[in-house]
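See structure below.
The values are calculated or read from the model by the stated rules, or taken from the named source; none is laboratory data. Computed from a predicted model, the values in this text were never measured in an experiment. Don't worry about glycine lacking a Cβ; one is built from the backbone with ideal geometry, like all the others, and counts go over all protein chains shown.
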Amino acid sequence: MKYYSTNHNAELVTLKDAIIKGLAPDRGLYMPERIPSIPTAFFKHIGEMSLQDIAYVVANTLFGEDMESASLKSLIDETLNFDIPLVKVADDKYSLELFHGPTLAFKDVGARFMARMLAYFNKRGSADRTIHVLVATSGDTGSAVANGFLNVPGVHVHVLYPKGKVSPIQEAQFTTLGNNITALEVDGTFDDCQAMVKAAFSDQEVSSKLYLTSANSINVARFLPQMFYYYHAYAQLMRDGVDMKNVVVAVPSGNFGNICSALIAKRMGLPIKRFIAANNRNDVFFQYLATGTYTPRPSVPTIANAMDVGDPSNFARILDLYGNSHERICTDISGCTYDDDTIRRTIKEEYDRSGYLLDPHGAVAYRALQEHLNPGETGVFLETAHPAKFKETVESVIGKNVPVPKRLSAFLSGEKRVVKMSALYPAFKKYLLACD
Ligand SMILES: *Cc1c(COP(=O)(O)O)cnc(C)c1O
């Protein structure tokens, strides 16, 4: 299978090159040349299959031409070695808990998958050079990627994050690892970090010296494996005996990688009726749905900070997937936008009502179901982070202590080591050129 650029001004590349390059030379995002269908028989039996078996069928459909099946199988077994339970929260609403991985956030799967795919292809390559992974993070990406790539041979990860804008626990998860992980504390916003990473990729001088790639959801190895969740959620709903023709999924969205993988899953045959892209106050996608015009804006800080994105990279993929048709996009996806007060109120009300504790990101998507699910539909919302990752916020809302799982608190005892940097590209370039 070949991959093309959403800007349609670059050559087709192999899966290996799409992963290693990250961004296409014309600055577009790679997309699979064909979207293969999964036979309908698969969906009849999906309810009886394990997460790992489902993921294998899906991964094999997408990557089977380009990777040996035994490697793909072991890669999946190593990556998905934790639960992704679907928890019934209300009569017609389920939470897909994506936070049972190593850093208790949903990006763990994509990051672990990508690290292993990169190692797989690097081993087969002739060039025996260190691959430098550049990642801009507003919190969760950095921790998931850093932990997913920790000690993977031949790879060095550079995490750029906005100073003072990520929670202490998030920060500890990528600043205390050392080894092949370097954290850069940038005096600016997440959008600045993202712009610096993009500038490095299009800088000839840097890319001729270093082998660079990205681990943001612009990378196909990061965003495509996220579609496993949706198949897995579907399988669990089937076991619960719900009406499978009326499944609606609400996705808390920032860079739109997660929902984009879901849209591709639907195109491959997964019978999800429709999606809701749930936003915090950073609502450029919501505005696009309402007006047909896409106007990126600087991000504004919110309590659901992993979604503080003013110019979502995967918007280009969504446009491409629907042939730039606003009308067709609106058929599959609706949107909504909530401010911090509404997010807080949703967390509080649901905790008081059922005892279920939402994190600020999941709360945005849960609210979307509360307001937009129609009678007869069953809603799934993605719970993308453990509430303890946003301890201060959640505790101030419910007025109770939120215990931090051991796996998280262990990070806080590590020693923080960062490289401090201004938000200007020349400083980053100088730093990169000094790397081996
Ligand atoms: C990254 C992230 C999101 C948004 O996912 P996208 O793929 O960027 O849309 C939502 N919630 C949490 C907790 C995240 O870390």
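Some values worked out for this structure:
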item	result
Filtered residues of segment 274-301 (kept if farther than 20 Å from residue 195 by Cα and out of contact with any strand residue (DSSP E or B) (no Cβ under 6 Å at 6 or more places or on another chain))	280, 281, 287, 288, 290, 291, 292, 293
Among (1) within 30 Å of residue 415 (Cα to Cα); (2) part of a loop (DSSP other than H, G, I, E, B), the one test that residue 242 misses	(1)
Answer residue from segment 353-367, given it is among the hydrophobic types (A, V, I, L, M, F, W, C) and part of a loop (DSSP other than H, G, I, E, B) and is farthest from the chain's Cα centre (by Cα) among those	357
Pick from segment 312-322, criterion modelled with pLDDT of 95 or more and within 16 Å of the ligand (Cβ to nearest atom), ranking: surrounded by the fewest Cβ atoms within 10 Å (Cβ to Cβ)	319
Residue within segment 338-347 that is part of a helix (DSSP H, G or I), crowded, with 16+ Cβ neighbours inside 10 Å and under 20 Å from the mean Cα position of the chain (by Cα) present	no
Enumerated strands (runs of 3 or more DSSP E) restricted to segment 116-217, each holding at least 1 residues that are under 17 Å from the mean Cα position of the chain (by Cα), within 16 Å of the ligand (Cβ to nearest atom) and within 30 Å of residue 63 (Cα to Cα)	131-136, 155-162, 211-214
Test for residue 249: is it among the hydrophobic types (A, V, I, L, M, F, W, C), within 25 Å of residue 378 (Cα to Cα) and within 16 Å of the ligand (Cβ to nearest atom)	yes
Answer from 264, 276 - the residue that is within 14 Å of the ligand (Cβ to nearest atom), in a strand (DSSP E or B) and not small (Gly, Ala, Ser)	276
In segment 323-357, the residues that are within 16 Å of the ligand (Cβ to nearest atom), without any contact (Cβ under 8 Å) to a residue 60 or more places away in the chain and under 15 Å from residue 303 (Cα atoms)	337, 346, 347
Condition met for residue 234 (within 14 Å of the ligand (Cβ to nearest atom) and crowded, with 18+ Cβ neighbours inside 10 Å)	no
Of all residues in segment 362-391 being among the hydrophobic types (A, V, I, L, M, F, W, C) and more than 14 Å from the ligand (Cβ to nearest atom), the one that is farthest from residue 98 (Cα to Cα)	373
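To keep it simple, each residue is scored yes or no on (1) within 20 Å of residue 212 (Cα to Cα); (2) modelled with pLDDT of 95 or more; (3) buried (at least 19 other Cβ atoms within 10 Å of the Cβ).
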{"site": "153", "(1), (2), (3)": "yes, no, no"}
{"site": "157", "(1), (2), (3)": "yes, yes, yes"}
{"site": "162", "(1), (2), (3)": "no, yes, yes"}
{"site": "165", "(1), (2), (3)": "no, no, yes"}
{"site": "168", "(1), (2), (3)": "no, no, no"}
{"site": "173", "(1), (2), (3)": "no, no, yes"}
{"site": "177", "(1), (2), (3)": "no, yes, yes"}
{"site": "183", "(1), (2), (3)": "yes, yes, yes"}
{"site": "187", "(1), (2), (3)": "no, yes, no"}
